[in-house]
1. Taking the conditions exactly as written (in the same structural domain as Tyr282 (by TED's automatic domain parsing) and within 21 Å of the chain's Cα centre (by Cα)), does Ala354 satisfy them or not?
2. Filter segment 311-325 for residues that are surrounded by fewer than 16 Cβ atoms within 10 Å (Cβ to Cβ) and part of a loop (DSSP other than H, G, I, E, B) and give the result.
3. What number of residues within segment 29-47 satisfy the criterion of being in contact with a helix residue (DSSP H, G or I) (Cβ under 9 Å, 6 or more places away or on another chain) and assigned to a helix (DSSP H, G or I)?
4. Out of all the residues in segment 100-127, which are closer than 23 Å to Val65 by Cα and touching a residue at least 40 places away in the same chain (Cβ under 8 Å)?
5. If a residue has to be within 12 Å of Ile78 (Cβ to Cβ) and not hydrophobic (A, V, I, L, M, F, W, C) to count, how many in segment 122-150 make the cut?
6. Out of Asn82, Asn73, which single residue is part of a loop (DSSP other than H, G, I, E, B), more than 18 Å from Val173 (Cβ to Cβ) and modelled with pLDDT of 95 or more?
7. Go over the candidates Val359, Val330 one by one and state the one that is at pLDDT 95 or above, over 20 Å from Glu253 (Cβ atoms) and over 25 Å from the mean Cα position of the chain (by Cα).
8. What number of residues in segment 102-126 are touching a Leu at 6+ places or on another chain (Cβ under 6 Å) and assigned to a strand (DSSP E or B)?
Amino acid sequence: MVPFVDLVAQYKQIAEPVEREVLEILRSGQYTGGQYVERFERHLGNYLFCGNVVGVSNGTDAIQVMCEALNINKGGVIVPNNSFIASAFGVSRAGLKPVFVDCDPDTYLLDYDEVEFKLKNNKNKFIKAVLVVHLYGQMPNMEKFYDLCKKHKVYLLEDAAQAVGATYEKMHVGYYSHAAATSFYPAKNLGGCGQGGAIITTDPMVARRIRTIINQGSEKKYEHVCMGGNYRLDPIVAAFLFHALEKLDDWNENRRAIATRYNEAFAADNRPLQHPNSKHIYHLYEYKCETPEARDKLSDTLRRHEISYGYHYPNLITDTPMYMGTNTPVADGRKRRLISLPMHPFLSLQEVEAVIQAVLSCSPASRR
């Protein structure tokens, strides 16, 4: 069987230091906050060339708190309709309204032209921010989004839950925006041993406000200065993440090598497009089938060959009853044609070739 992810293989690479430090944490009684959270925040900040990283409870909370810390307390936030629903939930939980936008037909990232149209026609200033989602592990042209948001005086935010290590023009997540949120759900390219997330910002005052919000609105014990909650990162997860981060570049390089082999085998119409100025880390590899029926046939073939796969995502956000009503035809067409092939750093050459041969046997026309 070819697994879609392999968390056990990942853990084996960092097991010794993680187990030692988890035992230290349990024996110390320091079960919240402390040196392991601070060390990971500092290490991730250095990795991203950003001095302000705040660990939080998960990626959805990260989006909510990010909006609250920037005082975006009313209005709308542009969100891509083909993202995971957490992108919208984080916005809604902050008291804001998601304004859904279609995706680019080639990269599946937020459609710049549609965002520009909505901001040009934002006469009542209802739209307050744009949430760019680095879907599947690739950043769009962040310079264009930065200039556009600056021109229209709206916040630029990032959902980088699938893209730690990705860059645009060699700059990491958090560089172009007012703030970026990420997730450390175990299956992410930088995944933890439980739930976790972080907010990245270049503004130390925003970082200070984030720390206040995630600590029940308190900078000093029993003195609560704003509405907050318990959104802190667990120290055991932080210890795990510290050691995973040390391996991240190697893991991401393995992902890119696997994606290169897939790209060599598949026709241009089937493989994902990468921007020449972006460094894609391939959290997911999206193979585009010719038709929905072709995807059904391919999924059957993969199952017969005991090859795991996924759909990311089978439903648009506006397919759910909470957010119905927006028409995004490109995203709607892509959701029925995309299939996620196995993609993780520990796939063997034999497993990669097995995936390729299964895909080509199902659709010879997809051969490059």
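1. Values: in the same structural domain as Tyr282 (by TED's automatic domain parsing): yes; within 21 Å of the chain's Cα centre (by Cα): no.
No: the conditions fail for Ala354.
2. Tyr311, Pro314, Asn315, Thr320, Met324, Gly325
3. 10
4. Phe100, Val101, Lys125, Phe126, Ile127
5. Count: 2.
6. From the options Asn82, Asn73, the qualifying one is Asn82.
7. Val359
8. Selection size over segment 102-126: 0.
The values are calculated or read from the model by the stated rules, or taken from the named source; none is laboratory data. What you see is a predicted model; the values in this text were computed from it and never measured. Heads up, the Cβs are rebuilt from the backbone with ideal geometry, glycines too, and the neighbour counts pull from every protein chain shown.
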